[in-house]
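Shown next, in structure tokens, is the structure this report addresses.
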Amino acid sequence: MNKHVEKEYKMLVNKEQFDKLCSLYENLNFITQTNTYYDTVNGDIQKKKGAMRIRERNGRFLFTLKMRQENLDGLCECECEVSENSIHALQSEEIVQLLHEYQIEAAIIPLTTLVTKRAVVETENAELCFDISTYGNHTDYEIEYEYKQPHDELSVFQKLLSHVQLVYEKNCTSKIQRALQAVEE
């Protein structure tokens, strides 16, 4: 199981701003990924402000559990490849042990699915993601700046956003929260 701390800035933008930011980079390659989100029947993962998903991209499946931890500046992200997108895949010994560590014991159910077209720009210090996400009847445009090592990350992100006269402000919830909200509408 791969474990790391996810540290990122992200911001929803409109389509015009998104297109302009994309135009700053040559040959962006958008790849479709489908995220199916899961939780227990009791919503235990959401109660702990976490999220669990299986992401399908290019015929491969990646399990991810993101959980907040008080001593971390960011989310603890645990990942491993699985053979399929199903509840059965979540019953592997490695995943069951991980869920046990977080006291997640109840039966697992699928919650919702979200499709994202993502282009990634790798930099020395970070990964810049351009996401077009569709869930329910909604489509949104999001810019994520996930930094791999400490640097002046907020200034770098601000400089990017300045191309569309934006200043960073936290203006969006997580993708799972947006997708679940769309289901409720």
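Search the structure for amide H atoms under 5 Å from the amide H of residue 10, placed 1.01 Å from N in the peptide plane, and list their residues when 5 or more places away or on another chain.
For residue 10, the qualifying residues are 145.
When a/c reaches 1.5 or more, the comparison of a/b and b/c decides; with that in mind, is the stretch 87-159 rounded, prolate or oblate per its Cα gyration tensor?
Because a/c hits 1.5 or more and a/b fails to exceed b/c, the stretch 87-159 counts as oblate.
To the nearest 0.05, how large is the calculated FRET efficiency for residue 29 and residue 174 if R₀ is 22 Å and r is the Cβ-Cβ distance? Walk me through the numbers before you get to the answer.
Details: r = 24 Å, r/R0 = 1.11.
So the FRET efficiency works out to roughly 0.35.
Under the 0.36 nm per residue contour assumption, what length would be gained going from the current alpha-carbon distance of residue 120 and residue 101 to full extension? Provide the component values of the computation, followed by the final result.
On the way: separation 19, 0.36 × 19 = 6.84 nm, distance 3.21 nm.
So the extension gain works out to 3.6 nm.
Could you please report the charge total around residue 33, scoring K, R as +1 and D, E as -1 over all other residues with beta-carbon less than 9 angstrom from its beta-carbon?
Values: positive: 55, 57, 117, 118; negative: 56.
That sum, taken over residues with Cβ under 9 Å, equals +3.
Taking R0 as 22 Å, what FRET efficiency do you get between residue 183 and residue 3 from their Cβ-Cβ distance, rounded to the nearest 0.05?
On the way: r = 30 Å, r/R0 = 1.34.
Approximately 0.15, to the nearest 0.05.
Can you give me the orientation-averaged projected area of the convex hull built on the Cα atoms of the stretch 1-103, in nm²? Display every interim value, and only then the final one.
Working: hull surface 33.6 nm².
The number I arrive at for the stretch 1-103 is 8.4 nm².
Anything over 22 Å Cα to Cα? Flag those among 49/159; 15/159; 3/49; 3/170; 20/148, in the order listed. Could you put the intermediate results ahead of the total?
Numbers: 49/159 30 Å; 15/159 19 Å; 3/49 18 Å; 3/170 25 Å; 20/148 25 Å.
Distance filter (> 22 Å) returns 49/159; 3/170; 20/148.
In the chain, what percent of the accessible surface is made up of carbon and sulfur (1.4 Å probe, ligands and nucleic acids excluded)?
Ligands and nucleic acids excluded, carbon and sulfur give 47 percent.
The values are calculated or read from the model by the stated rules, or taken from the named source; none is laboratory data. Values in this document were obtained by computation on a predicted structure and should not be read as measured data. Cβ: placed from backbone, ideal geometry, glycine included. Neighbour counts: every protein chain shown. The area values use the complete protein model at the heavy-atom level, side chains included, leaving out ligands, DNA and RNA. Shrake-Rupley method; radii C 1.70, N 1.55, O 1.52, S 1.80 Å.
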